Amino acid sequence: MAKPVVALVGRPNVGKSTLFNRLARERLAVVDDIPGTTRDRLMAEAEWGGYVFDIVDTGGIDPTQVSPGKKQAPLSIGSAEFIAEIRAQAEIAIHEADAILFVADVQGGVTPADQEIAQILRKQQREQDGRPWPPILLVVNKCESQASRDQVYEFYELGMGEPYPISALHGQGIGDLLDALVAAFELWVGEQEEDSIKISIVGKPNVGKSTLLNRLAREERAIVSPIPGTTRDAIDTRLTYHQMPITLIDTAGIRRRGKIYPGVEKYSVLRSMQAIRRSDVALLMLDAIQGITAQDTHIAGYILDAWKSAVVLVNKWDAIPKDTHTIEDYTWHIRHELNFLDYVPVLFISAKTGQRVHKILPMALQVQEERLARLSTGRLNRLLRDAFAQHPPPSKAGRPLKIFYGAQVSNDPPTFVLHVNDPELAHFTYLRYLENRIRETYPFLGTPIRILLRGRQEE
């Protein structure tokens, strides 16, 4: 079952970012007394009562916001632009989230903006198994004193059920709120991922992802357009390949952080990140004409951070002038720029003409097969002994690293635990050396390897 997604929704300066940091137990969001400080959406993992879930922080919906470059009076609560903006955020949040925390501010009381948000959330809320879906919890923040908690009852007029008084800054009431959230999760009927191999298609905008999806699916399932950013949703296309069920996940292009514009497109990045996390194998598409950009390396980093397997697809290869060394030179360039993904296979394709597209699914399935492979403990320890003998680790303050034994404790991704005398003695370069030796024995094509160290007293 996929992790639930919890969205924080509300007007500016009600404390959404402070609550986000409290739930994430990290200072990830910028907190400032100036309304509208949160410019970009943030996502982090949280845990309570045995449930692990993702929380999403959003910028507040500001009824006084003026469009850049326009000279006009501040938008009124009832203005068309404000209603459109507030509806865009509320509608997407309610469709993307499995639970919503609607955050209000006790100090400001019930405002027209709160009423607008509540009305839109109620209209968009749908039924699932006879229950309102997704569940919406009304959170009244900044309740540090008894006097402020006494004012919470006026928020019943929003028609969102029982308000939960909290102080995100001081942590008051957070436990009760999370208990209610977990109770909502117990009713949560998340979509069970069917028994198929999930392959996401990711990359910056206009690189050809939807064209590739249509080519692979042999039918028009996604809009194909030369206009960057056409695809707003992560689109699932199910197909069978050699009796193997596959789910292809096409995503909105991931733009550079500074190029993520307010509104719907900001949610596209969230969907793309979720698509990577849902997938078994990510197809990272590059534009052969533009070459590798900084954004390509960022997306590759997202894939690695999620510990997902990958295949690099260099698209629009039909538009590149070639000689006998073109592929070799381009491959070297990719290996140089994406040196942290040197284990990932590279295919040169044209989604438009179909060139080498037939090789993509077999390669992705091979990568998935190797992702699930296991090395026996005996084979691994022979490998470690040989690696240690050929290249002993450098000592630290006169103390050498000693590896007693190792074992592969899981796959998906392949995870190895090495029992050592002191994990602090292991330099990352030596762990990289051990990873390379493991890959010499079994390459784990396209798949990251996780090596964990566990200290043990010498016997």
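The values are calculated or read from the model by the stated rules, or taken from the named source; none is laboratory data. Just so it is clear, the model here is predicted, and its values are computed rather than measured. Cβ: placed from backbone, ideal geometry, glycine included. Neighbour counts: every protein chain shown. Calculation scope for accessible area: heavy atoms of the full protein, side chains included, ligands and nucleic acids excluded. Shrake-Rupley method; radii C 1.70, N 1.55, O 1.52, S 1.80 Å.
Here A168 meets the list (1) under 31 Å from the mean Cα position of the chain (by Cα); (2) surrounded by 18 or more Cβ atoms within 10 Å (Cβ to Cβ); (3) among the hydrophobic types (A, V, I, L, M, F, W, C); (4) over 15 Å from R22 (Cα atoms) almost entirely, failing just condition (4). When segment 384-406 is filtered for residues that are aliphatic (A, V, I, L, M) and under 39 Å from the mean Cα position of the chain (by Cα), the ones remaining, listed by number, are L384, A387, L401, I403.
Taking the residues in segment 382-413 that are in a helix (DSSP H, G or I) and open to solvent by 20 Å² or more (accessible area, probe 1.4 Å) as candidates, determine which candidate is nearest to I199 (Cα to Cα). Filtering first and then ranking leaves R382.
For segment 304-317, does any single residue satisfy the condition of being at pLDDT 90 or above, among the aromatic types (F, W, Y) and either within 24 Å of L372 (Cα to Cα) or in contact with a strand residue (DSSP E or B) (Cβ under 7 Å, 6 or more places away or on another chain) (or both)?
Just the residues of segment 304-317 that are at pLDDT 90 or above, to begin with: 304, 307-317.
Checking which are among the aromatic types (F, W, Y) leaves us with 307, 317.
If we keep only those that are either within 24 Å of L372 (Cα to Cα) or in contact with a strand residue (DSSP E or B) (Cβ under 7 Å, 6 or more places away or on another chain) (or both) too, we end up with 307, 317.
Yes.
Here is a yes/no grid of residues against (1) modelled with pLDDT of 90 or more; (2) open to solvent by less than 20 Å² (accessible area, probe 1.4 Å); (3) under 24 Å from F185 (Cβ atoms):
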site	(1), (2), (3)
A97	no, yes, yes
G109	yes, yes, no
Q119	no, no, no
K142	yes, no, no
A147	yes, no, no
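Restricting K322, K352 to residues that are under 27 Å from S210 (Cα atoms), surrounded by fewer than 18 Cβ atoms within 10 Å (Cβ to Cβ) and in contact with a Gly (Cβ under 8 Å, 6 or more places away or on another chain) narrows the list to K352.
Selection of first residues in segment 284-306 that are free of Cβ contacts under 8 Å to residues at least 12 places away in the same chain and of second residues that are open to solvent by 20 Å² or more (accessible area, probe 1.4 Å) and in a helix (DSSP H, G or I), restricted to Cβ pairs under 8 Å at least 6 apart or on distinct chains, gives an empty result.
Looking only at residues of segment 444-459 that are modelled with pLDDT of 90 or more and under 19 Å from T377 (Cβ atoms), we find that the one that is farthest from the chain's Cα centre (by Cα) is R454. Which ones in segment 240-263 are among the aliphatic types (A, V, I, L, M), open to solvent by 30 Å² or more (accessible area, probe 1.4 Å) and at pLDDT 85 or above? If the condition is that a residue be among the aliphatic types (A, V, I, L, M), open to solvent by 30 Å² or more (accessible area, probe 1.4 Å) and at pLDDT 85 or above, then M244 is the only one that fits.
In segment 361-376, the qualifying residues are those that are in a helix (DSSP H, G or I) and open to solvent by 70 Å² or more (accessible area, probe 1.4 Å), and the one that is farthest from L284 (Cα to Cα) is E369.
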